[in-house]
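Structure record follows, encoded as structure tokens.
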Amino acid sequence: MAATPRGTSPVPPDDRPRLTVLSGPSGVGKSTVVAHMRKEHPEVWLSVSATTRMPRPGEQHGVHYFFVTDEEMDKLIANGELLEWAEFAGNRYGTPRAAVLEHLEAGVPVLLEIDLQGARQVRESMAEAQLVFLAPPSWEELVRRLTGRGTESPEVIERRLAAARTELAAEPEFDTTLVNTSVEAVARELLALMNVV
Ligand SMILES: Nc1ncnc2c1ncn2[C@@H]1O[C@H](COP(=O)(O)OP(=O)(O)OP(=O)(O)O)[C@@H](O)[C@H]1O
Ligand SMILES: Nc1nc2c(ncn2[C@@H]2O[C@H](COP(=O)(O)O)[C@@H](O)[C@H]2O)c(=O)[nH]1
């Protein structure tokens with residue numbers, strides 16, 4: 001499915017890359033799409049978030065997340081080191097501010113993969129950011145993907161699905177919606193939105 005542009009965020013006056021935010025319900029396929037996209041276009045810089053969540057098998061500190069304690073997260077927040085942060089399904093997540101600003105200044109296309117609450121905060125602080133919503137082909141498919149991933153307990157899956165209902169209802173707040181039917185197609189559309197291809 002083609003991208004649905006709404007064009008509500010202002011475009012920067014020159015051809016500097018815009019900050020792009022990718023959001024969507026847990027399990028819709030954000031990480032899968034981004035990994036696919038960056039395999040061929042490693043020049044897209046993906047922000048590494050801080051989180052209080054425990055690492056899943058195979059996740060590496062500094063690569064997938066900066067895994068921090070509650071106390072460390074408290075400090076990052078208190079020191080204003082996060083561009084945005086949110087509590088999601090029982091854990092806290094936040095985007096380190098300095099690295100994002102440095103990459104944007106250097107003209108590098110920057111991507112954040114964050115939840116709805118974080119996307120709203122970025123919209124407030126950086127009006128030129130483009131907000132992209134990744135939607136599932138159907139509710140049933142979302143449940144299948146989240147459950148099929150096998151990384152969360154049934155209780156956590158329930159919490160994430162409850163959040164998903166709120167996130168799906170907020171889709172009109174985003175500049176563009178992409179439906180994740182095909183990872184390859186969505187990756188291509190995202191690259192085009194970021195002016196990378
Ligand atoms: N287009 C697709 N078709 C079928 N399965 C997909 C598709 N995209 C992703 N998946 C599968 O869906 C599951 C969830 O994907 P992924 O972990 O990328 O989601 P996510 O949105 O990053 O989730 P979270 O927000 O919880 O981190 C994975 O098992 C992945 O392989
Ligand atoms: N507001 C933020 N949300 C973030 C950030 N990093 C990740 N996320 C989102 O959290 C949920 C759960 O992620 P998971 O890795 O535990 O499955 C998902 O929607 C992520 O996009 C962040 O820095 N800020």
Quiz item: Only one residue in Arg97, Arg92, Arg38, Arg120 is among the basic types (Lys, Arg) and farther than 27 Å from Pro136 by Cα. Which one?
Solution: Arg97
Quiz item: When region 161-197 is examined, which residues are found to be more than 19 Å from Gly118 (Cα to Cα) and not hydrophobic (A, V, I, L, M, F, W, C)?
Solution: Asn180, Thr181, Ser182, Glu184, Arg188, Glu189, Asn195
Quiz item: Which one of these does Leu101 not meet: (1) buried (at least 16 other Cβ atoms within 10 Å of the Cβ); (2) away from ligand 1 (no atom under 16 Å from the Cβ); (3) over 20 Å from Glu152 (Cα atoms); (4) of a type outside the set (Asp, Glu)?
Solution: (1)
Self-check item: Scope region 169-196; condition in a loop (DSSP other than H, G, I, E, B), modelled with pLDDT of 95 or more and among the polar types (S, T, N, Q); matching residues
Solution: Asn180, Thr181, Ser182
Exercise. Please note which strands (runs of 3 or more DSSP E) are completely contained in region 53-142 and include at least 1 residues that are among the basic types (Lys, Arg).
Key: 91-96
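The values are calculated or read from the model by the stated rules, or taken from the named source; none is laboratory data. Just so you know, these numbers come straight off a predicted model, no measurement behind them. Using ideal geometry, Cβ is built from the backbone for each residue, glycine included, and neighbour counts are taken over all protein chains shown.
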